[in-house]
Each structure stands twice: as structure tokens, then as C-alpha cells.
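All remarks here apply to the structure that follows.
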Amino acid sequence: DQQVKQNSPSLSVQEGRISILNCDYTNSMFDYFLWYKKYPAEGPTFLISISSIKDKNEDGRFTVFLNKSAKHLSLHIVPSQPGDSAVYFCAASAQRENYGGSQGNLIFGKGTKLSVKP
Amino acid sequence: NAGVTQTPKFRILKIGQSMTLQCAQDMNHNYMYWYRQDPGMGLKLIYYSVGAGITDKGEVPNGYNVSRSTTEDFPLRLELAAPSQTSVYFCASARDRLQETQYFGPGTRLLVL
């Protein structure tokens, strides 16, 4: 049973436009969320994160929005650039002490392949 | 800093063979992790370590073993390779467990035939 879902396997966007990548989660204990970016034949690299005490976090062209009531987060990239073409993974973790031994461990979604066309 | 390094980059194993995937980090991180990524899937945690001498199982530990004798190294051992272990394996490290970025190695692609 997937606890973190990325329902769009792929997304194609024109250069300069906005890219919106979506992620849903089912476990209400998750309170910290991250996005990782992965190029072929490389390991994932950290992009941006958000704690459940916030509903938005910005870092340059990247913004993550969190809707706790809907258990949904999204990554916005504005403007999109061809170098943003990669697979984007959403990940979640439970930071609270009462989560037990798995506290802090990351649960990943399946990823969304973003293609930004020039 | 080299960050997280993994060797080998690619390996073909026959069913029943064993091998060790190497992982090293030079960031003095306490936490280290092993993940596997199957085609079209997300990363799944195999084992993790919170410091030298301490390891624990993740989501998919069956068929694997780990050890952590030093802060820098976290090898992953496959004892009896099976086709189901064909995957890409990523090692990662982090300074702490909570709200800390995990830094990933480049991965080891393993094919079991």
C-alpha cells in the first residue's frame, strides 16, 4: 500500500511556463516533506523541503505548497528551463518521537518525469 | 569533499553468487542508508545505520546484510543473489535523522541472471 503517491508518471511543459508536480500522502503521521530531483545515472539530489507547520516554502524558482487537510503537496517551478528535465521524487517522513523506530526515515513516491521543451 | 561514493557502478551476478556493495562518505555523517530503486518505482529503504556499530532494518531488508564498523563506511552484502534483487542501489548519508537532507551516492546497477 503506497503511503506516498505521485499519480502522474510524466509531465511535459514548454520552456518558460510553469511546471506543477503533485504528490498525495495517506499517513497522517507524516509531518516533513521533501522533493528530490534525479538525472539519469545519478543519485537523487535534494531540491526543497517543507515542514507541516508551514503551507508554503520558496527557494528561487521552486515553491512547495502543502495542504494538510487534503494530504496533498505540490512543487511549482517557474519559469521552467530545459535543465529542469529530470525525474522528481516526493518523499515524506514522520518526525515526531512517538512514531517509533521509523522516525525520520523517508518514504518515497514513484516519481514524475518532467520534460521541459525549448 | 567527494561526498558519498559507491562502488562498483555496475555488476552482473549469477543466481546464488554473493557480493558486497561498497559505500563511503567523507562528511562525518552519523546516519547512513541503503535504498533500492526498481524500474518505475520509488526508492525503498533496505537498511540504515545511526552510527558506527548500530544498524537497523528498513522496509525491504530480506536477502541483505549490513555492517557499520566505521563512521565512513556502510557496505551492503548480498549473500545468495536472486533475480528479484536486480535493481539500482543507492547509498545515502545525513548529519542527523530529523529535518536533515540526505545526500545520495551515484548508485550501483546490479543485474542478477
Task: Count of residues meeting criterion [loosely packed, with under 15 Cβ neighbours inside 10 Å and either of a type in the set (Gly, Ala, Ser) or under 21 Å from B:MET27 (Cβ atoms) (or both)] in the stretch B:57-72 - done: 3
Open item on the list: Tell me whether the stretch B:25-42 contains one or more residues that are of a type outside the set (Gly, Ala, Ser) and away from chain A (no Cβ under 14 Å).
Closed with: yes
TODO: Read through the list (1) touching a residue at least 12 places away in the same chain (Cβ under 8 Å); (2) not in a loop (DSSP other than H, G, I, E, B), then give the number of the only condition that A:ASN105 fails.
DONE: (2)
Open item on the list: Just to confirm my filter: which strands (runs of 3 or more DSSP E) fall fully inside the stretch B:9-58 and include at least 1 residues that are under 18 Å from B:VAL112 (Cα atoms)?
Closed with: B:10-13, B:19-25, B:31-37, B:43-51
Task: From the options B:ILE12, B:ILE46, residue that is more than 10 Å from chain A (Cβ to nearest Cβ) and open to solvent by 80 Å² or more (accessible area, probe 1.4 Å) - done: B:ILE12
TODO: Identify all residues within the stretch A:1-26 that are assigned to a loop (DSSP other than H, G, I, E, B) and either in contact (Cβ under 8 Å) with a residue 60 or more places away in the chain or open to solvent by less than 40 Å² (accessible area, probe 1.4 Å) (or both); write none if there are none.
DONE: A:GLN2, A:GLN3, A:GLN6, A:SER8, A:PRO9, A:GLU15, A:GLY16, A:ARG17, A:ILE18
Task: Every residue from the stretch A:27-82 that is of a type in the set (Lys, Arg), in a strand (DSSP E or B) and open to solvent by 40 Å² or more (accessible area, probe 1.4 Å) - done: A:LYS56
Open item on the list: Quick check on the stretch B:89-103: of everything there that is closer than 17 Å to B:THR7 by Cα and out of contact with any Ser or Thr (no Cβ under 7 Å at 6 or more places or on another chain), which residue is surrounded by the most Cβ atoms within 10 Å (Cβ to Cβ)?
Closed with: B:CYS91
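The values are calculated or read from the model by the stated rules, or taken from the named source; none is laboratory data. The shown structure was predicted, so the numbers you read here are calculated from the model rather than taken from an experiment. When we count neighbours, we look across all protein chains shown, and the Cβ atoms used for this are built from the backbone with ideal geometry, even at glycine. What goes into the accessible areas is simple: the full protein's heavy atoms, side chains included, and nothing from ligands, DNA or RNA. Shrake-Rupley method; radii C 1.70, N 1.55, O 1.52, S 1.80 Å.
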